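One structure below.
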Amino acid sequence: MSALDASVVEGRTLSGAHRLTCDVVVVGTGAAGATVAVTLADAGWDVVMLEEGARLRESEFTANLWKTMKTLFRDLGASFLEGRSFIPVLQGRCVGGGTVINSAIVWRVPEDVHGVWLRRDPGLAAGIPYADLERHWAVLERDLGVAPTDDAIRGHNSRLLALAAERLGYRGRVIPRNVVGCEGQALCLQGCPNGRKQSTAVTYVPRALRAGARLFTDARVDRVVTEGGRASGVQATLLGGDPERPATLEVTARRAVVLAASALQSPGILLKSGLDRLGPVGQHFMCHPGVSMVGVYDAPVDLWSGATQGYEIDHFRPERMKIESIALPPELMALRMPGVGQKLARWLPLARHMALWGAQVRSRAEGQVRLGGTGVRVRFTQTAEDLVTIRLGLRVCAEACFASGARSVLPGIHGLPEELTSMDEVTRWLDRVTDVRQLNMIATHLFGTLRMGTHPDDAVVNPFGEAHRLPRLYVADSSVFPSNLGVNPQHTIMGVARQIAEHVLARA
Ligand SMILES: Cc1cc2nc3c(=O)[nH]c(=O)nc-3n(C[C@H](O)[C@H](O)[C@H](O)COP(=O)(O)OP(=O)(O)OC[C@H]3O[C@@H](n4cnc5c(N)ncnc54)[C@H](O)[C@@H]3O)c2cc1C
Ligand code: SF4
């Protein structure tokens, strides 16, 4: 048996050039990739998964932020969307991808969002009808233990937001999450050290391996290979070995190549492959930039105790905004406090008394993914309308803080006072937020860069997930979404990926 026949091969252990053949090669092991891999492996196909990051066990997850950023995040968590402002963008780079570092919030794409997709392009009904997605979600919810956050581990941070929603009459809900036996340690961002979060690293990747799939870690796919006008495989560099002479791996796929490397990296691979002729590759990038507000209370909140995210207000979804409670460990919370040095020292003793809530904004702006440096660069600037929505999000966060008993809020916005003590002050000062450069934002939900549609000039993949202009190349991640969602995307990504895997089974 050769080293390549093992179920899991750490790319860093190989040297030289390697080749192998399989039925289907899947690039990425996050929400989309692992879902496709398990579906095809369960059907008896010979599946090879290629993952750029490493495979870590729960015992290797650590509360140490530096180590976490180094082992689990892309670019140490220091990638940015570049436009009028620089927005940090977080992505997982490890077996399990974003599902390892996320908060496990589960949302089915709302029917109204899906309805808009179908009204704009009725041809999508053939590929991703809502009834099929509902069938997939039911399976996923069973497989991943999805249930509303248990009250025992909801945490005071989430309870305060629930109280605010009740007092203000805003629609909200206890967040359903894909966890089993969550202990409410608020360490989701650092990977769950207890293995409670049902990331694909502990669910679908191992299940795909048990069904016969093979996994190569540290394997960065650089190019899609074509033959006779079809996708025939991929070329990868094996990372972590001799940097002077890195090992390589070429995988030939008899039936299909599936890209599931995320809405930033999948278009990057096609651009690197010189395949921009496939349509609007890298265009139409969309996201949900997030802003946050800190509330300061007389009584302790201890926001590092409880489920990472346990309650949300979705009342403002029609206005393109959603409020979520966010629990963080103390060292991350300190980053959100005002000032440095003496100024910061003033706030640190109050850390126990702070609540943190964020507004995810379904922005209208579209950006573009291009090649740059050693990876991709993303141009993105929000519209004037997006800024209005962001201000609404900040206002509702502050209103919720005061409604639940906060004595002040810390907006964390350039040009505003560190602390505001009434809604009158908040309203007056938020009117002065006229430039996105004043805001601290973060983006974790990414969409649309290889979008799905009926017409080849307007879309890269058809309604079945296959490239219009390159048969046997499928894309299964949120690159294919025709727009952003306004809700947390993992569950929709997995539902769509499962549907695309079924199309691969039927067509390839
Ligand atoms: C901090 C954070 C919190 C979040 N919280 C939630 C939440 O609570 N609920 C929710 O629904 N969503 C959440 N999300 C978003 C969600 O995790 C992502 O939308 C989802 O994981 C994206 O799935 P994906 O398969 O497209 O990409 P990913 O999950 O990012 O997986 C892509 C994989 O491909 C690999 N890869 C990339 N390029 C290559 C290459 N060239 N070769 C080989 N492998 C490659 C990556 O290393 C990665 O493992 C959160 C995201 C973050 C970052
Ligand atoms: S809150 Fe803690 S125990 Fe629960 S899933 Fe997240 S890290 Fe794991």
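Values quoted throughout were computed directly from the atomic coordinates according to the rules given, and no laboratory measurement underlies them. These figures come from a predicted structure and were not determined experimentally. Don't worry about glycine lacking a Cβ; one is built from the backbone with ideal geometry, like all the others, and counts go over all protein chains shown.
Quick notes on this structure:
- Between residue 94 and 53, the built amide H atoms are under 5 Å apart, and every one of these is 5 or more places off in sequence or on another chain.
- Aspartates and glutamates whose Cα lies under 14 Å from that of residue 272, excluding same-chain neighbours fewer than 8 positions away: 222
- Percent antiparallel among DSSP beta bridges (both partners in the chain, rounded to 5): 65
- Mean projected area of the Cα convex hull of segment 33-106, taken over all directions, amounts to 6.9 nm².
- When restricted to Cα atoms, segment 284-414 yields an Rg and a Dmax of 16.5, 50 Å, respectively.
- Debye intensity ratio in log₁₀ form over the Cα atoms of segment 299-360, taken at each q of 0.16, 0.21, 0.27 Å⁻¹: -0.58, -0.84, -1.08
- The chain - convex hull of alpha carbons, volume per residue in Å³: 138
- One chain, two ends: residue 167 and residue 147. Fully extended at 0.36 nm per residue, the span grows by 4.7 nm beyond their Cα-Cα distance.
- Under 5 Å, built H, 5+ apart or other chain: amide partners of residue 79: 89
- Ascending count of other beta-carbon atoms within 10 Å, so fewest first, for 304, 66: 66, 304
- Overall size of segment 437-508 from C-alpha positions, given as principal axis extents largest first: 49, 27, 15 Å.
- 99, 203, 13, 39 arranged by Cβ crowding within 10 Å, fewest neighbours leading: 13, 203, 39, 99
- Whole-percent P(r), segment 100-231, all Cα pairs, 10 Å bins from 0: 9, 26, 29, 26, 8, 2, 0.
- Once the Cα gyration tensor of segment 182-247 is diagonalised, semi-axes √(5λ) in Å: 32, 18, 11
- Using C-alpha pairs under 8 Å with a sequence gap of at least 6, the mean separation divided by the residue count of the chain gives a relative contact order of 24 percent.
- Net charge, residue 174 excluded, C-beta distance under 13 Å - Lys, Arg +1, Asp, Glu -1: -1
- Per-selection Kirkwood Rh - segment 446-487 (Cα, Å, 1 d.p.): 10.0
- FRET efficiency, 1/(1 + (r/R0)^6) with R0 41 Å, evaluated for residue 305 and residue 438 via beta carbons: 0.80
- Under-5 Å amide H pairs with residue 408, H placed in peptide plane, nonlocal only: 296
- Label-to-label distance, residue 379 versus residue 254, with points set 7 angstrom from Cα along the beta-carbon direction: 4.5 nm.
- MRE, 222 nm, helices only [DSSP H, n ≥ 4, -39500 (n - 2.57), over the chain, to nearest 500]: -8000 deg cm²/dmol
- Calculated translational diffusion coefficient of segment 290-330 (4 °C, 1.567 mPa s; Stokes-Einstein with Kirkwood radius over alpha-carbon pairs) equals 110 µm²/s.
- Overall shape of segment 229-341 was characterised from the C-alpha gyration tensor. The equivalent ellipsoid obtained from it has semi-axes of 43, 22, 14 Å, in decreasing order.
- With both residues required to sit in segment 1-97, DSSP beta bridges show an antiparallel share near 50%.
- Sites residue 230 and residue 5 - FRET efficiency at Förster radius 35 Å, r taken between beta-carbons, to 0.05: 0.85
- Amide N of segment 38-69 lying under 19 Å from the label point, which is placed 7 angstrom from the Cα of residue 506 along Cα→Cβ: 38-45
- Packing-based exposure ordering (other Cβ within 10 Å, fewest first) of 156, 414: 414, 156
- On a per residue basis, the convex hull of the C-alpha atoms belonging to segment 132-210 measures out at 116 Å³.
- Between residue 59 and residue 455, the C-beta separation translates, for a Förster distance of 51 Å, into a calculated FRET efficiency of about 0.55.
- Rg/Rg_globular for segment 372-451, with Rg_globular taken as 2.2 N^0.38 Å and Rg from C-alpha atoms: 1.36
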